[in-house]
Amino acid sequence: IWSLSTLPPPLRNLDEIISTSSLPRIESFPSWAKQLLMDWGVISEDEAILRASVSSSTTKIESTSSSSLTEKGSRDTKLSPYLRWGVISPQRAAKAGVRMRDLLWRDWSHVSYALLGPLQRGDAVLEFMDNSCRSHNKLNVTEEELFNLWCVGNTGSELVDSGMRQLWKEGWMPRRIRLLAAACLVEGLGIDWRLGRDWFEHTLIDHDQAINEAMWQNAGLCGVDPFYSGIAWETPPNGQGEEEYVEQWSNDEQLVWPSSLKPYSTREPPLEITDRAESQREVLRAKGIYKVARSIGNVGVRVAWEGLSYNNSKTSVKEGEVMGTGLVPVHELRI
């Protein structure tokens with residue numbers, strides 16, 4: 001039982017803590033990192049509350065609320081870094097008007113990560129679906145080149161490319177564009193989802209290990225809820241909001257790329273990348289991969305827990321490991 005005598009002593013004066021902190025100052029960062037942080041402006045609770053409040057405002061431009069940049073009922077106010085680093089709590093964000101679904105998705109990712117050993121290790125939750133989107137590269141470029149073109153936003157998909165450039169410049173992109181970029185890499189280019197996961201970890205200013213791992217495993221159709229399988233990532237911008245977004249980021253020539261990626265930023269992407277997008281989806285449909293992915297989302301993943309008994313005997317599946325999906329045991333799972 002807690003009592004006043006057992007509570008820790010109060011913290012030192014906040015100004016004293018800040019003045020003696022060993023955290024690096026922004027002036028000591030490389031120029032690209034310094035500019036990135038400066039572009040975000042004031043980092044404060046007041047700023048976070050303002051962004052959260054704007055998410056529920058009806059006075060802002062409505063065109064973006066139903067565009068491909070965000071889901072209906074949600075707004076891209078760039079609040080996620082403030083949530084990720086504890087500048088504002090989810091409860092406070094909810095009271096300010098942030099859509100509950102957006103906040104619950106974060107909690108769901110953390111609950112899944114806490115319960116599932118494969119997510120914590122970076123292994124596919126459903127091994128039988130891992131690499132189900134990998135395809136033989138029939139283009140006249142290597143897989144490494146395709147990945148580099150994707151990193152610098154040079155795939156030929158205007159929305160995806162704009163998002164990837166914004167990601168490098170700001171360390172952020174709208175959630176919907178993240179889904180399109182992931183589908184482009186995995187389903188379109190047939191590249192291992194782990195490479196995308198690691199690139200997002202490297203570039204996102206709001207990177208959260210639980211959310212990033214869950215999102216990319218779902219994109220790889222081997223996670224706990226591959227809900228967005230089969231989305232048309234190559235679709236051209238539709239409406240004023242998307243067209244302005246593409247115009248803003250497609251012509252940004254001030255991006256400073258690492259030397260290893262710089263040649264790919266000016267390279268002409270193979271037309272086949274977007275031309276064969278639908279045929280790639282047809283291949284996955286024919287193999288039954290999308291059907292299996294949808295069924296996983298409907299029936300759920302069963303996970304073993306401590307002390308679990310199965311058929312009146314102790315299960316051999318370790319705590320936190322996958323037992324199956326729905327009523328199908330893990331050893332019977334197949335495409």
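Work out the length of the dipole vector of region 185-335 about its Cα centre, built from +1 on the beta-carbon of each Lys and Arg and -1 on the beta-carbon of each Asp and Glu, and round it to the nearest 20 debye.
It works out to roughly 1040 debye.
Cα centroids of region 84-155 and region 165-229: how far apart, whole angstrom?
About 4 Å separates the Cα centre of region 84-155 from the one of region 165-229.
When you count, for each residue, the other Cβ atoms within 10 Å and take the mean per peptide, how do 114-122, 189-197, 217-225 rank with the highest first?
Peptide ranking by packing, descending: 217-225, 189-197, 114-122.
Would you mind checking K78/K287; K138/K287; K78/K138; K262/K287; K95/K169 for any pair whose Cα atoms are more than 27 angstrom apart?
Going by Cα-Cα distance, K78/K287; K78/K138; K262/K287; K95/K169 fall outside the 27 Å limit.
How much accessible area per residue does region 245-335 have, in Å², with a 1.4 Å probe?
With all protein chains present, region 245-335 gives 68 Å² per residue.
Magnitude of the Cβ-charge dipole of region 175-241, K/R +1 and D/E -1, about the Cα centre, nearest 20 debye? All intermediate terms of the calculation are to be shown ahead of the outcome.
Values: 5 positive and 9 negative charges, 36 e Å.
Approximately 180 debye in magnitude.
The values are calculated or read from the model by the stated rules, or taken from the named source; none is laboratory data. None of the values given here were measured: they were computed from a predicted structure. Please note: Cβ atoms are built from the backbone with ideal geometry, for glycine as well, and neighbour counts cover all protein chains shown. Please note that ligands, DNA and RNA were not included when accessible areas were found on the heavy atoms of the full protein model with its side chains. Shrake-Rupley method; radii C 1.70, N 1.55, O 1.52, S 1.80 Å.
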